[in-house]
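Worksheet: the structure to be examined is printed underneath.
Nothing in this text is a laboratory measurement; each read-out follows from the coordinates by a stated rule. Remember, predicted model here, so these are calculated numbers, not experimental data. Heads up, the Cβs are rebuilt from the backbone with ideal geometry, glycines too, and the neighbour counts pull from every protein chain shown.
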Amino acid sequence: MNEGISLPVSGNNKSWTAPTGRRTDEWSEALVLIGKSQDRAAFTRFFRHFAPLIKAFALSGSNLSANHADELVQEVMLKVWQKAGGFNPEKAAASTWVYTIARNCRTDMFRRLQKFDTPLAAEDFNFELEEEEPFAVLHTRRGSDRIRELMGELPPDQAQILAKVYMEGKSHSEAANELDLPLGTVKSRVRLAIQKLQVHMEKA
Amino acid sequence: MVNHHPTADFLTDYATGAMPPAQAACISGHVNYCEQCRRSIEQLQDIGGALLERLPPAAVSESVLDNVLARLDEPAPLSFDTSKRGLTDTAIPGLLQRLINGDFSELVWRKITGSLSVSYLKTGDEHHEFALYRIAAGGQIPEHDHEGSEMTLVLQGGFSDESGHYGPGDFVYRKPSETHAPTAIQSEECICLAVMDAPLRFTRWQHRWLNPFLQLRAG
């Protein structure tokens with residue numbers, strides 16, 4: 001563990017010293033600053049870190065051209081600026097919050113490109129969590145930390161399927177076609193991965 | 001108390017954005033009633049966040065940052081307020097409220113049988129019909145099956161069929177060709193949201209003559 005040792009921060013982001021602990025905490029703090037005081041310096045830092053990840057997300061599965069990927073980066077980062085006030089670091093990790101915005105923007109972009117006519121935007125399907133008990137919040141945080149820890153221990157075939165469905169936005173049957181696997185195999189690998197990451201599910 | 005939940009497969013499709021809009025609206029409706037599934041979806045979204053952190057970054061040119069910085073002062077677009085969603089048994093989930101644009105009574109209801117009527121809503125989903133079904137208190141939907149699949153979410157009242165009892169917030173999924181004959185509870189009329197990818201088919205001879213009129217109204 002690197003705790004307590006101050007490491008040089010790589011990339012463009014030289015003015016910022018990361019606090020010890022999880023990287024996401026640094027970005028949660030930046031989001032809070034953006035939301036509270038429209039801090040453009042914090043936003044620029046946030047952009048330099050997340051824009052290349054959002055672009056990689058847009059390009060994975062190669063469904064979007066480089067131009068559309070840049071357009072998606074712009075849309076997502078504008079939403080980050082506009083919605084940062086609603087970000088609650090107690091409830092979600094910054095990267096999860098960014099992921100949901102990127103996912104919604106990409107869904108809307110696909111639908112626009114396919115001239116799919118719907119009165120609903122992807123973010124209309126979002127839900128807000130009610131005010132929660134501190135215990136429940138702690139529980140959720142532990143769950144999300146655990147998922148990040150366990151991610152590295154997934155067998156490659158399960159990690160590959162998760163990347164397909166999450167980063168490329170493929171349905172189970174699209175993933176099955178591309179990997180030339182039976183649909184049942186894809187479904188069970190996704191389910192196994194989710195179990196390993198200890199996501200709690202109600203019995204259907 | 002919600003007792004019937006969507007499967008892990010459905011929640012994953014919802015969390016990854018792979019679900020068609022009509023079905024996603026149905027899951028989103030269930031989630032309004034169900035704290036446990038909300039938590040599951042949050043954790044499933046955490047997987048997305050964790051995977052995003054691990055992607056190899058793709059170079060973004062400075063001009064993209066300049067463009068965004070130049071646009072920060074634009075007014076934010078108006079968006080539907082998702083924060084006022086109650087968790088009471090009678091509240092209509094927020095997204096549905098918007099599609100209904102009023103109260104159940106303001107919708108156009110078409111009668112199918114004496115105790116069953118239907119109202120079609122628009123989601124823009126070309127492959128799924130998105131409709132509300134209203135069953136009179138104690139009324140029965142004649143036995144039917146489906147050529148396709150059906151997601152059902154109970155919004156008001158409740159019904160029972162061969163496999164159990166379902167109340168507000170409960171989610172039921174029927175695969176193609178599963179037969180059932182739901183009966184509404186005696187005390188109250190039952191309103192359900194049903195999302196189908198093929199029309200239902202009545203299976204008993206008394207009602208089969210209705211089948212030609214039951215075409216899928218997707219869109």
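Of note:
- Among B:15, B:76, B:194: highest mean-square fluctuation, GNM of chain B, C-alpha pairs under 10 Å: B:76
- Pairwise centroid distance, computed over Cα atoms, of the range B:1-43 with the range A:35-61, Å: 28 Å
- In Hz, Karplus ³J(HN,Hα) per residue of the range A:190-200 (6.51, -1.76, 1.60; θ = phi - 60°; x = Gly, Pro): 4, 4, 4, 4, 5, 5, 4, 7, 6, 6, 7
- Helical content of the protein assembly as shown, expressed as a calculated mean residue ellipticity at 222 nm, amounts to -14000 deg cm²/dmol (DSSP H runs of 4 or more residues, -39,500 (n - 2.57) each, divided by residue number, nearest 500).
- Relative contact order for chain B: 23 percent, from Cα pairs under 8 Å spaced at least 6 residues apart, divided by residue count.
- Three principal axis lengths of chain B [C-alpha, angstrom, descending]: 70, 35, 34
- Footprinting exposure proxy for A:36, A:115 (fewest neighbouring C-beta atoms within 10 Å first): A:115, A:36
- Cysteines without a disulfide-compatible partner [chain B; Cβ-Cβ under 4.7 Å]: B:26, B:190, B:192
- Inter-label distance for residue A:66 and residue B:160, nm, one decimal - labels placed 7 Å from Cα along Cα-to-Cβ: 6.5 nm
- For the peptide A:91-103, the mean number of other protein chain Cβ atoms found within 10 angstrom of a residue's Cβ is 5.
- Couplings for the range A:108-114, taken from phi via the Karplus curve 6.51 cos²θ - 1.76 cosθ + 1.60 with θ = phi - 60°, read 5, 5, 4, 5, 4, 5, 8 Hz in order; Gly and Pro are left as x.
- Values of log10 I(q)/I(0), in the order q = 0.06, 0.07, 0.08, 0.13 Å⁻¹, for the protein assembly as shown under a Debye, Cα-only, solvent-free model: -0.27, -0.37, -0.47, -1.16
- Spin-label pair residue B:73/residue A:41, simplified geometry with 7 Å Cα→Cβ offset, distance in nm: 2.1 nm
- Cα-based shape type of the range A:77-192, given that a ≥ b ≥ c are square roots of the gyration tensor eigenvalues and the cut on a/c is 1.5: oblate
- Between residue B:179 and residue B:145, the simple label model (points 7 Å from Cα in the Cβ direction) yields a spacing of 0.7 nm.
- Counting Cβ atoms of other protein chains within 10 Å of each residue's Cβ and taking the mean over peptide A:171-178 gives 2.
- Average beta carbon contacts from partner chains per residue of B:33-43, 10 Å cutoff: 5
- Neighbourhood net charge (13 Å Cβ-Cβ; Lys/Arg +1, Asp/Glu -1) for residue B:176: -2
- A simple rule links phi to the HN-Hα coupling: the Karplus curve 6.51 cos²θ - 1.76 cosθ + 1.60 with θ = phi - 60°, which for the range A:173-178 gives 6, 5, 4, 4, 4, 5 Hz, with x for Gly and Pro.
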